[in-house]
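Working notes, structure below.
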Amino acid sequence: MTAFQSLRLPNGTLLPNRIAKAAMEENLANLDQTPSEQLLRLYKAWAEGGAGLLLTGNVMVDPRAMTGPGGVMLDDSQQLQRFREWARIGQAHGAQFWMQINHPGRQMQASLGQATVAPSAVALDMGGLSKMFPVPKALDEAQIATLIQRFARTAALAEDAGFSGVQIHAAHGYLLSQFLSPLSNQRQDRWGGSLENRARLLLEVVKAVRASVSPRFCVAVKLNSADFQRGGFEPADARQVVLWLNELPVDLVELSGGSYEAPAMQGDARDGRTLAREAYFLEFAQQIAAVARMPVMVTGGIRRLPVVEQVLDSGVAMAGIATALAVDPALPRRWKNGDSKASAELPPIRWKRKALAALAYMALVKLQMRQLADGHSTRPGASPLRALLAEQWSTLRRTRQYRRMMQGRNDPAAAATA
């Protein structure tokens, strides 16, 4: 199997190759939460880079529930013009372009000033950084029903805007992932307890999304292989969830791992182990690919063509690449043109405070994306401390803008005088 063979999905869609630009959070939206010119410029670079599938970063289904300020949000309050331009740019060179749709649940910072919800009133445990996140309120039945419809409506709007698919984010500790984990889901009703109950929300969201879009519009799911926390969502759980997804019209499952509490998607487990090899989650992905009826994609640390080929030779259908494409968006094109040794990576951050190191790493990734969005070369050797401080300052500024915007939504008269 070569990286540049096409892949036919269950709904008949053809992906031109087996390389995907995996989702990364860009935080480059306009003040009205629509795609900015910077974001369009960034995706132009990725569209020209040669990946067969582009996945957006988080597009939120509720303006009150954001993973961070500067994020994109799509619901009925938005005009679709900017989204149509985004969809056009992403597909201009033949790639499929899917919108990742998400809700943060409890992984929303207190500074944003919005009520935080989750399956249960269980706060994040991030050591000294825990105070950044409030204790969430448990969702009730009516709120869960509304949430399901929000995912479905955002998917329908994505299709209207010209995207070719959506990816439902049920990994990395966000809301759907929180329902799957017994650590964050301590409910005693039909949405909690057994794995069947904990998976109910994800399955209902998939059904509602599929019912709201056309058959040729792709519907994918991003799922954790594990939480990497004792007593959390485990590989056996993930396998069973995939078996349930087999019974639904799902076109692709992407496997990753970790959460804010245990950022395994960056190569570190909660117990301090480093997942040093590329394709962190490949062994589990092989096991899932053996039972999944839909193609399986694995993401986590991939940055070299031989590793992509190793992934494909293992029976996994696609290789998702994130950080390496933030450093060099043209890697797939370089590989296809014969530069098989090309690679791109960020230096590891060996700080003692793991949570702070994870934030610094994310800041470095965002710095590379911001460089591309501004039309500049990337800076993989930049200082992680400086990147972190700059990101914190930018986040503070965007947080103030977001709070003013939300105040205007709730009280237009107050916003006019602010």
### Task
Restricting attention to the range 152-187, report how many residues are in a loop (DSSP other than H, G, I, E, B), of a type in the set (S, T, N, Q) and either open to solvent by less than 20 Å² (accessible area, probe 1.4 Å) or more than 18 Å from D140 (Cα to Cα) (or both).
4
#### Entry: Matching residues in the range 350-406 - criterion: being of a type in the set (D, E, K, R) and outside any loop (DSSP other than H, G, I, E, B)
K354, K366, R370, R386, E391, R397, R398, R400, R403, R404
### Message
Among the numbered criteria (1) under 29 Å from T34 (Cβ atoms); (2) touching a Lys or Arg at 6+ places or on another chain (Cβ under 7 Å), which one does E159 miss?
### Response
(2)
### Query
Tell me, which residue of the range 1-38 that is acidic (D, E) and in contact (Cβ under 8 Å) with a residue 60 or more places away in the chain is least open to solvent (accessible area, probe 1.4 Å)?
E26
### Query
Could you list, in sequence order, the residues of the range 73-108 that are part of a loop (DSSP other than H, G, I, E, B), touching a helix residue (DSSP H, G or I) at 6+ places or on another chain (Cβ under 9 Å) and more than 17 Å from S184 (Cβ to Cβ)?
L74, D75, D76, S77, Q78, L80, Q91, A92, H93, G94, A95
### Message
Taking the criterion of being at pLDDT below 95 and within 26 Å of P69 (Cβ to Cβ), would at least one residue in the range 159-170 satisfy it?
### Response
no
### Query
Among A355, A290, A330, A342, which is touching a residue at least 12 places away in the same chain (Cβ under 8 Å), touching a Phe, Trp or Tyr at 6+ places or on another chain (Cβ under 7 Å) and surrounded by fewer than 22 Cβ atoms within 10 Å (Cβ to Cβ)?
A342
### Message
Given the condition modelled with pLDDT of 80 or more, of a type outside the set (A, V, I, L, M, F, W, C) and part of a helix (DSSP H, G or I), answer yes or no: does some residue in the range 260-283 qualify?
### Response
yes
### Message
Among the residues that make up the range 142-149, is at least one of them of a type in the set (S, T, N, Q), open to solvent by less than 10 Å² (accessible area, probe 1.4 Å), closer than 22 Å to N197 by Cα and in contact (Cβ under 8 Å) with a residue 40 or more places away in the chain?
### Response
no
### Output for the range 124-146, where each listed residue is under 20 Å from V205 (Cβ atoms), within 23 Å of the chain's Cα centre (by Cα) and in a loop (DSSP other than H, G, I, E, B)
P136, L139
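The values are calculated or read from the model by the stated rules, or taken from the named source; none is laboratory data. Note that this is a predicted model, so its numbers are computed, not measured. We place every Cβ from the backbone using ideal geometry, glycine too, and count neighbours over all the protein chains shown. Note: accessible area is taken over every heavy atom of the protein model, side chains too, but ligands, DNA and RNA are not part of it. Shrake-Rupley method; radii C 1.70, N 1.55, O 1.52, S 1.80 Å.
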